[in-house]
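Any read-out appearing in this document is the output of simple, stated calculations on the displayed coordinates, not a laboratory observation. If you're wondering where the values come from, they're calculated on a predicted model, not measured in any experiment. Note that we place each Cβ from the backbone using ideal geometry, even for glycine, and neighbour counts take in every protein chain shown.
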Amino acid sequence: MNKRLMQTALITCLLASGAASTSGMAQESTQAAIDFRASVMTTFKWYVQPMGAMAKGKIPFDAARFKSRAEGLANATRLDVSEGFPEGSIEESDAKPEIWDNWDEFLSNYRNLQDEAVKLQQVAATGDEQAMLAQFKKTAETCGSCHKKFRQKKES
């Protein structure tokens, strides 16, 4: 093989492996984003579930635990969850395509959740059980509003 042909073949191989590597990185990055958003939602669930159980009377009301969970939720909502939603990343997730069709609404809903979670944290600091439960209801409804429009129903 002549030198020029060898160089061309080498360059072609390098470019092809670079393109495959870039494609692999993009796919990995998309999967990492999906993993991130799933982790954030799992974190929200960690904080919300005990408060919900208290609100429904399934477990005894514990103001200190409620306050701790409200603080945790408010802190968790400070994460920029939008980073976990690269365009079209719906494979192997519960996300609906409507997220990207209504991106501004999705972000607005998330900002509303952040606001309601901060209010919940503030109300929980007072120790007023009725006020805490009322604000929890608002926070949970705000959280659920995104689920209704932007999340696939879970198979039971």
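Go through the range 33-105 and name the GluC sites (Glu not before Pro) that are in a DSSP coil and have 14 or fewer other Cβ atoms within 10 Å of their Cβ.
Loop-located and lightly packed - 87, 91, 92.
Between their Cα atoms, which of 96/154; 67/154; 45/67; 58/137; 119/154; 45/149 are more than 23 Å away from each other?
Long pairs (Cα-Cα over 23 Å): 67/154; 119/154.
Using Cα pairs closer than 8 Å and at least 6 residues apart in sequence, work out the relative contact order for the range 33-150, in percent.
30
Reachable aspartates and glutamates from residue 153, Cα under 19 Å, same-chain residues fewer than 8 places away excluded?
Of all the aspartates and glutamates, those that pass the test against residue 153 - Cα under 19 Å, at least 8 places apart if same chain - are 35, 91, 92, 94, 98, 101, 141.
Within 10 Å of each residue's Cβ, count the other Cβ atoms and sort 142, 42 from fewest upward.
Going from sparsest to densest Cβ surroundings: 42, 142.
When only DSSP loop residues count, what trypsin sites (Lys or Arg not before Pro) in the range 91-156 have their Cβ near at most 12 other Cβ atoms within 10 Å?
Those that pass, being in a loop and sparsely packed, are 153, 154.
What is the set of long-range amide H partners of residue 95 at a cut-off below 5 Å, with H atoms built 1.01 Å from backbone N?
152
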